[in-house]
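Novice: Pasting a structure below so you can have a look.
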Amino acid sequence: MPIDWHEVERWIMGEAWIGSNIEAHLSTLCDEIGPRWASSSGEWQAVNYIRDQFTGAGLVDVVLEEYPLQSWRYDAAAAHIVEDGQEIHLLPFNRCPSFSVTAPLVDVGYGTPHELDDLAARLPGKIAVVALGYEPFTPPSPLSARLAVLAQKGAAAAVVVDRKDGGRVEYHSAGDWSIPEPDSHPLPTVAVSREVGAQLRKRARQGQSLHLRVDAEFFTAPAHNVVAELPGIHWSQEHILVGAHHDTVIGTPGGNDNASGTIVVLETARLLARLQQTLGVSPGRSLRFVTFSAEEQTLQGAYAYVSRHHGPEPAPRLAINLDELSTGPIKGLVLAFPHLRPLVQRTFDAMGDGLKCHVMAQLDYSSDHYPFIRAGIDAAFLWRWRFSGRHADSDFHHEPGDTADKVRPRELKEYIGQLARLLLRLSHVAPTDWPTNPLTVESVSARLQDERGQVVRVN
Ligand SMILES: [Zn+2]
C-alpha cells in the first residue's frame, strides 16, 4: 500500500511537538550526569541511559560498542609571573602533554607570517602570547598551523588568548584534525581569557617572564559508541545513518555541545519507531541511530565506528551528523559531496517547508562526519553556525556555561520532526533511483591533501 505522506507527516509533526521527551533528556544528560568526557564515569552513565532509551523505544540490535580510547587527563595547570608571583588563570589545551617552562613572554599578535618574521630572532626559548582568532588582513591560517610555525621558530610554549569576552575561556585543540593522529601537538599550549591575555601582553612589553606548568597523562581506556537500528521493510540490508556525539570536554554539562544533537538522535529514533507501532509505517531501507564517543578527543569514537562497520557491511547511503544545534532553527542539510544534492533538495521541496540542501566548499574536519568523509562515504551535517543567523547561545561549547538552558527545546522539536520526515522519505527512495556514489578513498584523500592548511569557511 502506498504511503499517505500527508497523513504520516501530520502525525510525525504532531508527535514531535506534543510527545517530546526533550526536557527529561536534557535534565538527565546535563543536570544529573553532567560532564561526559569519553572514558569517564559520566560517559558510562550517558551511554547506559542512551541504550535504555533506544531499547525502550523499541529499536533493535541496540549495542554498546566498546573500543580502546587513547585518552588524556591533567592534574595541574598553573602559571605565575616570575617578577612578582602573580598567578595566572589558564586552561591547558585539550591533550596537552606535561611540561614545565620558565621564560620571557613575547607578544606575537595573531602569529601571522609577517608578525613572526619580524620577531624571529626573539622567539627561541620564549613563551609566545598568540591570539586565537584570525587577523583580519591576511588569509586566515588554522591555529594548528600557526602553532607549528611557532614551534619551528623555537618557541618553548604558547599562551593562546581566547576571543570570548568577560573572562570566558574554553578548552581548545592544537593539532591538525584533518590528519587522524590523536596526539599531534605542535608545542605545549594553554588558553587564557581575553582579559588575562591583555595583562600578559603588557608584561611582555615590560620584558617579564612566566613560569608555566602542566601535569598531564595519556592513558588507554575503554569507551563506547551506542548503536541502534530501525529495520527497513523493503531494503533492510541498506541503511541511512544519523548520529551525534554524546561526549563533552572536561568540566562542562555540554548542553549545546552536544546534548542538543544527542537528544535529536534519541527523539527521531523514538518518533519513527512509534510511527511504525502506531500507523504501521516502516522505513524502506533501514535507519541506523548512533551516538558517538570521543568526538572531543580527535573524533576517535567515529573513527572506531567506521573501521568496525565499513567493509564488513555496506556503507550507509548517507550519514548525517548532528552537532551543536543551539544555532537557530533547522535550515536544511549540508552535504560533503555534490552528487546527492538534487535528490535531497527534491525531497525537501516535496516536504514544502523551504529547507535547503547545500554542498560544502571544503571537506570539514570539525566533527564526526569527517571519518565517514575520509572513507568515501556520503556524509552531511546540518546548516551550522558557520553560515548565518546563529543564536548567541551557540557560542557556548567547551566551557562550564554550556548548560541545559543553552538548548531551545522548541527548536529541537522542529529538528526532530523535519529530520524524521526527511529520513523516512529518503528511506523509501528505491535503490535504482539513488545516485551512485563515485567516491574512492584515494580521490577523497587527494582532495584533502589539496585543502590541507586552509581554514574551513566560517562566514
Ligand atoms: Zn560537538
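Novice: Return yes when TYR415 is on the phi < 0 side of the Ramachandran plot, buried (at least 16 other Cβ atoms within 10 Å of the Cβ) and either polar (S, T, N, Q) or in a loop (DSSP other than H, G, I, E, B) (or both) and no when it is not.
Specialist: no
Novice: OK, next. Which members of the stretch 183-198 meet the condition of being in contact with a Gly (Cβ under 8 Å, 6 or more places away or on another chain) and closer than 26 Å to LEU363 by Cβ?
Specialist: ASP183, SER184, HIS185, PRO186
Novice: Could I ask something else about it? Report the residue count in the stretch 216-237 for those that are more than 26 Å from the chain's Cα centre (by Cα) and not small (Gly, Ala, Ser).
Specialist: Qualifying residue count for the region: 5.
Novice: With the requirement that a residue be out of contact with any helix residue (DSSP H, G or I) (no Cβ under 8 Å at 6 or more places or on another chain) and closer than 30 Å to MET13 by Cβ, what does the stretch 291-336 give you?
Specialist: Scanning the stretch 291-336 gives LYS331, VAL334.
Novice: Looking only at the stretch 267-321, count how many residues are under 19 Å from VAL60 (Cα atoms), in contact with a Phe, Trp or Tyr (Cβ under 8 Å, 6 or more places away or on another chain) and of a type outside the set (Gly, Ala, Ser).
Specialist: Going through the stretch 267-321 one residue at a time, the tally reaches 11.
Novice: Right, next: When the stretch 252-289 is examined, which residues are found to be within 16 Å of the ligand (Cβ to nearest atom) and in contact with a Leu (Cβ under 9 Å, 6 or more places away or on another chain)?
Specialist: Residues satisfying the conditions are PRO253, GLY254, GLY255, ASN256, ASN258, ALA259, SER260, GLY261, THR262, ILE263, VAL264, VAL265.
Novice: Return the only residue of ASP402, ASP450 being among the acidic types (Asp, Glu) and outside any helix (DSSP H, G or I).
Specialist: Of ASP402, ASP450, the one residue that is among the acidic types (Asp, Glu) and outside any helix (DSSP H, G or I) is ASP402.
Novice: Considering each residue of the stretch 227-251, count those that are within 16 Å of the ligand (Cβ to nearest atom), in a strand (DSSP E or B) and of a type in the set (A, V, I, L, M, F, W, C), and give that number.
Specialist: Residues flagged as within 16 Å of the ligand (Cβ to nearest atom), in a strand (DSSP E or B) and of a type in the set (A, V, I, L, M, F, W, C) within the stretch 227-251 amount to 2.
Novice: Here's something else I'd like to know. Which residue, of ALA223, ALA302, is at pLDDT 95 or above and under 19 Å from ASP52 (Cβ atoms)?
Specialist: After applying the criteria, what remains is ALA223.
The values are calculated or read from the model by the stated rules, or taken from the named source; none is laboratory data. What you see is a predicted model; the values in this text were computed from it and never measured. Heads up, the Cβs are rebuilt from the backbone with ideal geometry, glycines too, and the neighbour counts pull from every protein chain shown.
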